[in-house]
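S.K.: This is the structure I want to talk about, given as structure tokens.
The values are calculated or read from the model by the stated rules, or taken from the named source; none is laboratory data. Computed from a predicted model, the values in this text were never measured in an experiment. Here the Cβ positions follow ideal geometry from the backbone for every residue, glycine too, while neighbour counts run over all protein chains shown. Side chains are part of the model used for accessible areas, which takes the heavy atoms of the whole protein and leaves out ligands, DNA and RNA. Shrake-Rupley method; radii C 1.70, N 1.55, O 1.52, S 1.80 Å.
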Amino acid sequence: MVSFARMLILRIPVEVRNEVVTQMKSEQLRFDRYLSHEMRTPLNDVTRNIQILEATGLNRDQQELVDAILTSSETLSMINGILGRSKLEAGKPRLKQLTYDLEDTIEGSVTSLASASAAKGLEMFLVVDPNFPAMAFGDPRRLRQILVNLLHNAIKFTATGHVILRAVKVSEEPGSAILRFEIEDTGIGMSPEAMSTLFQPFNQFDSNKQGGLGLSICKRLVTMMGGDIQMESVLGRGTTVWFTIRVASVHT
């Protein structure tokens, strides 16, 4: 019976199979848009408002409640990862090309996670090389997505110590430059066995691994930006993730 069923599948015309695949992708994108509107947008609003509330001056009990909400909001990272992965697998996104402020993009990425870092008592640092360009030509939203994913991962797996983001210009040639971003943490680190599963989707369901949708998406985006992404880690001591991208130069 199983063999017969397989024979029937193999006899489906290629045109019909392609039509089915196209329809499935279309349905998937419609679901992504629905999920984004019905879940991701409200959750983003809740997180932003809680962060504003936190800055108003709270007593101890109120602060504990706010910290609990911000910790629970990490679920939003998983939703963003699922949506991002779905779009990538559907052949999206296309990188935008526009002039943008590199410093604002980097600082905004760090600032967006300052509350999450502070809630765990971590120190968070941003170190930008003096020769780092202020402006670039490329896709700032995708660069921010990579940075936020990696910074969030570092905070999530670090109980004490610090998280550092370093930005340097590796090289420059007429019309473009290679930039390197490095995220260092003093977290749980990873074993060699865990390192072998890096950048594979769904590893995040194992709390002892720092892979998952976030790193999988980052790898895809970094590759699209003409760069590379790597990780170094020592179990019990921390992890350093670095990536490079190529950006078109902007003369100001």
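S.K.: Between residues in segment 168-196 that are without any contact (Cβ under 8 Å) to a residue 24 or more places away in the chain and residues that are of a type in the set (A, V, I, L, M) and open to solvent by less than 60 Å² (accessible area, probe 1.4 Å), which pairs lie under 9 Å by C-beta distance while being six or more apart or on different chains?
M.R.: Within 9 Å, the pairs are Ser171/Ala177; Ser171/Ile178.
S.K.: Follow-up. Within segment 91-113, does at least one residue satisfy the condition of being of a type in the set (Phe, Trp, Tyr), open to solvent by 60 Å² or more (accessible area, probe 1.4 Å) and either at pLDDT 90 or above or closer than 19 Å to Phe243 by Cα (or both)? I'd like the intermediate steps shown before the answer.
M.R.: Step one: filter segment 91-113 for residues of a type in the set (Phe, Trp, Tyr), giving 100.
Retained after the next criterion (residues that are open to solvent by 60 Å² or more (accessible area, probe 1.4 Å)): none.
No; the residues of segment 91-113 include none that is of a type in the set (Phe, Trp, Tyr), open to solvent by 60 Å² or more (accessible area, probe 1.4 Å) and either at pLDDT 90 or above or closer than 19 Å to Phe243 by Cα (or both).
S.K.: Looking only at segment 114-144, count every residue that is assigned to a helix (DSSP H, G or I), open to solvent by less than 60 Å² (accessible area, probe 1.4 Å) and more than 23 Å from Lys219 (Cα to Cα) and tell me the total.
M.R.: As a first pass, look at segment 114-144 and keep what is assigned to a helix (DSSP H, G or I): 114-119, 140-144.
Imposing the further condition that a residue be open to solvent by less than 60 Å² (accessible area, probe 1.4 Å) reduces the set to 114-117, 119, 140, 142-143.
This time we only want the ones that are more than 23 Å from Lys219 (Cα to Cα), so: 114-117, 119.
The total comes to 5.
S.K.: Let me ask another. When you look at Glu184, is it in a strand (DSSP E or B) and either open to solvent by 30 Å² or more (accessible area, probe 1.4 Å) or modelled with pLDDT under 85 (or both), yes or no?
M.R.: Details: in a strand (DSSP E or B): yes; either open to solvent by 30 Å² or more (accessible area, probe 1.4 Å) or modelled with pLDDT under 85 (or both): yes.
So Glu184 passes the test.
S.K.: If you don't mind, there's one more thing I want to ask. Is there any pair linking a residue in segment 234-246 that is open to solvent by 60 Å² or more (accessible area, probe 1.4 Å) to one that is among the β-branched types (Val, Ile, Thr) and assigned to a strand (DSSP E or B), with Cβ under 6 Å and at least six apart or on different chains, and which?
M.R.: These pairs meet every condition: Arg246/Ile178.
S.K.: Filter segment 51-68 down to residues that are open to solvent by less than 70 Å² (accessible area, probe 1.4 Å), assigned to a helix (DSSP H, G or I) and at pLDDT 75 or above, then give me how many there are.
M.R.: Taking segment 51-68 first, the residues open to solvent by less than 70 Å² (accessible area, probe 1.4 Å) are 51, 54, 57-58, 63, 66-68.
Narrowing the set further to residues that are assigned to a helix (DSSP H, G or I) leaves 51, 54, 63, 66-68.
Applying the additional criterion that residues be at pLDDT 75 or above yields 63, 66.
Summing the residues that are open to solvent by less than 70 Å² (accessible area, probe 1.4 Å), assigned to a helix (DSSP H, G or I) and at pLDDT 75 or above in segment 51-68 gives 2.
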